[in-house]
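This report concerns only the one structure given below.
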Amino acid sequence: MQNTELPPVNAWLRALHPYETGKPIDETARELGLDPARIVKLASNENPIGPSPMALAAMRDAAAIAHIYPDGGGYHLRRAIAQANGVSMENVVLGNGSNEIIELLGHCFLTPGAETIAAEHAFVVYKLMSELFGARCIEVPDPGFRHDLRAMLRAITPATRLVFIGNPNNPTGTCIDQDELDDFMERLPAHVVAIIDEAYREFMDEPPDSLSYVRDGRSAVVMRTFSKSQGLAGLRIGYGVMPAHIAQWLQRARQPFNANAMAQAAALAAIADTEHQRRTKAIVDEGRGRLESFLSGAGIQFVPSSANFVLMKVGNGRAVFDALLRKGVIVRPMDGYKLPDWIRVSIGTPTQMDTFFEALAQALGRPMIAPTASATAK
Ligand SMILES: Cc1ncc(COP(=O)(O)O)c(C=O)c1O
């Protein structure tokens, strides 16, 4: 007979709401009887042009030696990241996606009763990971969908351990400039670590120099990822850059082979492929411009974005998500972010954006004029 008895499950795990991922293409095809090749996924802020060809070649080489364990210390990749950013290898910790860096921070700094701080509309994983360790995430109102850094400072208590700042922030796409960040870092009490999440940094025109805080040995962890601009989301590879006295603890907390060999090889090649990064940004800039003018023309409220997605107010977000899904377009409903009237749409290729424009007009049941793509973007 099956034994259904268990030792007591951690109370805080019972309260945790699992992360809702972007709906996968295959699942959508299966459920709705659609051709997967015709489905457009604009739900997870992925790279619309795929991985860099140089990364693909490196993956093929790495596949041939997949029977060998990865370099657990990630020597070549950490060295390349350090060189590209003017820091030292000791400052770089690799993660199984930058999500794992958040988890490692939890292992190092969070216990039941501890507190973290995030903006009210921030990446939900900050809250999830806090709850995973029994900590409480204080969500600070973000008027106009912008971080109120002074209010976040005021929310700090003796129990606060981590403050999360998404820059650009997901799901709002808004960002913080150098002066605001400098002011925040200046006032941050010594017992708190600032986590500056730069998953979408490459899409900004003028990103602040957040690594200066790391170079100065301040309590800051800058998180970055190969999932977005470098198109390697499926491989799960990201990193944190932080002062060595913080990095040593994350290195101690991680699994010995947390960054797999193929991901390390692909990421190393992707760093060198500046042309792929340039093309990605150009496609996103153009697609976002078209999307924002489409929404303005249709009188649909949206949040001007510095990232590869746009948050827009469409009425009943879940119903619009469902209607778009039936037309083979996957977007992200925002009820999980306490924004039931909104959806978040990632920037796709010009053709994918055309499909979205048409599907949204049909879903909302009114004619809407789609701006044409430039010849270069096509
Ligand atoms: C703001 C933000 N941070 C971190 C991540 C995690 O990215 P990954 O684990 O793929 O590196 C995401 C993914 O969507 C994100 O939106």
Inset, instruction - With a cut-off of at least 2 residues that are under 17 Å from the mean Cα position of the chain (by Cα), assigned by TED's automatic domain parsing to the domain that holds A199 and acidic (D, E), name the helices (runs of 4 or more DSSP H) lying wholly within the range 87-181. - result: 98-109
Inset, instruction - Looking only at the range 27-36, decide whether some residue is surrounded by 22 or more Cβ atoms within 10 Å (Cβ to Cβ) and away from the ligand (no atom under 16 Å from the Cβ). - result: no
Legend entry - Subset of the range 1-52 that is over 20 Å from the mean Cα position of the chain (by Cα) and of a type in the set (D, E, K, R) - its residue that is modelled with the lowest pLDDT: R14
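Which of the residues that make up the range 131-175 are of a type in the set (D, E) and within 16 Å of the ligand (Cβ to nearest atom)? Break it down stepwise before answering.
Applying the first criterion (of a type in the set (D, E)) to the range 131-175 yields 131, 139, 142, 148.
Residues satisfying the conditions are E139, D142.
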Inset, instruction - Out of the residues in the range 302-317 that are touching a helix residue (DSSP H, G or I) at 6+ places or on another chain (Cβ under 8 Å) and loosely packed, with under 15 Cβ neighbours inside 10 Å, state the one that is nearest to A373 (Cα to Cα). - result: P304
Legend entry - Options A62, A43, A80: the member that is outside any helix (DSSP H, G or I) and surrounded by 14 or more Cβ atoms within 10 Å (Cβ to Cβ): A43
Legend entry - Pair list, Cβ under 8 Å, 6 or more apart: the range 17-42 residue over 11 Å from L325 (Cβ atoms), other residue among the β-branched types (V, I, T) and assigned to a helix (DSSP H, G or I): Y19/V124; Y19/V125; P36/I25; P36/T28
Inset, instruction - Kindly provide the set of residues from the range 230-263 that are within 14 Å of the ligand (Cβ to nearest atom), on the phi < 0 side of the Ramachandran plot and either crowded, with 24+ Cβ neighbours inside 10 Å or in a helix (DSSP H, G or I) (or both), ordered by number. - result: Q230, L232, A233, G234, L235, I237, G238, Y239, G240, V241, A259, A263
Legend entry - Matching residues in the range 248-265 - criterion: being small (G, A, S) and over 13 Å from G97 (Cβ atoms): A253, A261, A265
Inset, instruction - Name the residue, out of R279, R187, R218, R201, that is assigned by TED's automatic domain parsing to the domain that holds G86, closer than 30 Å to P24 by Cβ and touching a residue at least 24 places away in the same chain (Cβ under 8 Å). - result: R201
Inset, instruction - For the range 208-222, indicate whether the set of residues that are more than 16 Å from the ligand (Cβ to nearest atom), part of a helix (DSSP H, G or I) and either charged (D, E, K, R) or under 30 Å from H67 (Cβ atoms) (or both) is non-empty. - result: yes
Legend entry - Among (1) within 12 Å of the ligand (Cβ to nearest atom); (2) buried (at least 19 other Cβ atoms within 10 Å of the Cβ) - the single one I117 does not satisfy: (1)
Inset, instruction - For residues that are of a type in the set (S, T, Y) and assigned to a helix (DSSP H, G or I), scanning just the range 284-312, find the one that is nearest to E46 (Cα to Cα). - result: S293
Legend entry - Test result for G315, out of contact with any strand residue (DSSP E or B) (no Cβ under 6 Å at 6 or more places or on another chain) and in a helix (DSSP H, G or I): no
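The values are calculated or read from the model by the stated rules, or taken from the named source; none is laboratory data. Note that the structure is a prediction, hence the values are computed from the model and not measured. Because the Cβ atoms are built from the backbone with ideal geometry, glycine has one as well, and the counts that use them run over all protein chains shown.
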